[in-house]
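Before any comments, here is the structure.
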């Protein structure tokens, strides 16, 4: 591995650690210091804080949303099992990306590029919810009261980072409890 790749990985690792501790205090200066690099070198690798956060987000996504984990959703024996696995997967991912998500979310109001990065992440997650709900419909497991896009949007909103954070981080729920209650809520709402 080249020295450039080592430095980039060290920066991303330091940023991740700082964001997990306190997303608001993970500035470019504190990240550079934690990584043992100058701010100039940090800006050589990343155009700015958003570029670093998006790069880190993609790195962490690749680590946590593995093919094997996604296969549990896609290869579930039936649509209701796929719904359960999809919620469990979100419960696995959320604590691992929380600091990054908080930082990008907070930047959205002032930075259109941050808003676009957030939208990219969320539109991908919505498409995954849509896949599960379409499967529910195909298998006759979706309540006839629901249209697919509306049901997918309900699933998407209830499995979002903010929903997880409000219940787990702010209200003190365990992630296991969040998975259990979110799964039960979605099953009761969507499945006849």
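The values are calculated or read from the model by the stated rules, or taken from the named source; none is laboratory data. Quantities reported herein were computed from a predicted structural model and do not represent experimental measurements. Cβ atoms come from the backbone with ideal geometry, glycine included; neighbour counts cover every protein chain shown.
What number goes with the only condition from (1) closer than 27 Å to residue 174 by Cβ; (2) in contact with a helix residue (DSSP H, G or I) (Cβ under 7 Å, 6 or more places away or on another chain) that residue 62 does not pass? Looking at each condition in turn, residue 62 falls short on (2).
Residues in the range 37-56 that are under 25 Å from residue 115 (Cβ atoms) and assigned to a helix (DSSP H, G or I): 42, 43, 45, 49, 50, 51, 52, 53, 54, 55, 56.
Considering (1) buried (at least 19 other Cβ atoms within 10 Å of the Cβ); (2) in a helix (DSSP H, G or I), the lone condition that residue 142 does not fulfil carries the number (2).
Can you tell me which residue in the range 1-35 is modelled with the highest pLDDT, limited to those that are outside any helix (DSSP H, G or I) and more than 26 Å from residue 95 (Cα to Cα)? Result: 2.
Check the range 38-49 and report whether any residue there is touching a residue at least 40 places away in the same chain (Cβ under 8 Å) and under 26 Å from residue 169 (Cα atoms). Yes - at least one qualifying residue is present in the range 38-49.
Counting just the residues of the range 149-179 that are buried (at least 16 other Cβ atoms within 10 Å of the Cβ) and free of Cβ contacts under 8 Å to residues at least 24 places away in the same chain, which one comes out nearest to residue 73 (Cα to Cα)? Among those residues, the one meeting the criterion is 163. Looking only at residues in the range 91-112 that are more than 19 Å from residue 24 (Cβ to Cβ) and in contact with a helix residue (DSSP H, G or I) (Cβ under 7 Å, 6 or more places away or on another chain), the one that is surrounded by the fewest Cβ atoms within 10 Å (Cβ to Cβ) is 92.
A quick yes/no check of all residues on (1) under 24 Å from residue 119 (Cβ atoms); (2) in contact (Cβ under 8 Å) with a residue 40 or more places away in the chain; (3) outside the structural domain of residue 104 (by TED's automatic domain parsing); (4) more than 21 Å from the chain's Cα centre (by Cα):
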{"site": "15", "(1), (2), (3), (4)": "yes, yes, yes, no"}
{"site": "35", "(1), (2), (3), (4)": "no, no, yes, yes"}
{"site": "63", "(1), (2), (3), (4)": "yes, no, no, no"}
{"site": "69", "(1), (2), (3), (4)": "yes, no, no, no"}
{"site": "72", "(1), (2), (3), (4)": "no, no, no, no"}
{"site": "79", "(1), (2), (3), (4)": "no, yes, no, yes"}
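Here residue 52 meets each of (1) under 22 Å from residue 29 (Cα atoms); (2) under 13 Å from the mean Cα position of the chain (by Cα) with one exception, condition (2). Taking the criterion of being over 20 Å from residue 165 (Cα atoms) and either assigned to a helix (DSSP H, G or I) or modelled with pLDDT of 95 or more (or both), the residues of the range 84-122 that qualify are 112, 113, 116.
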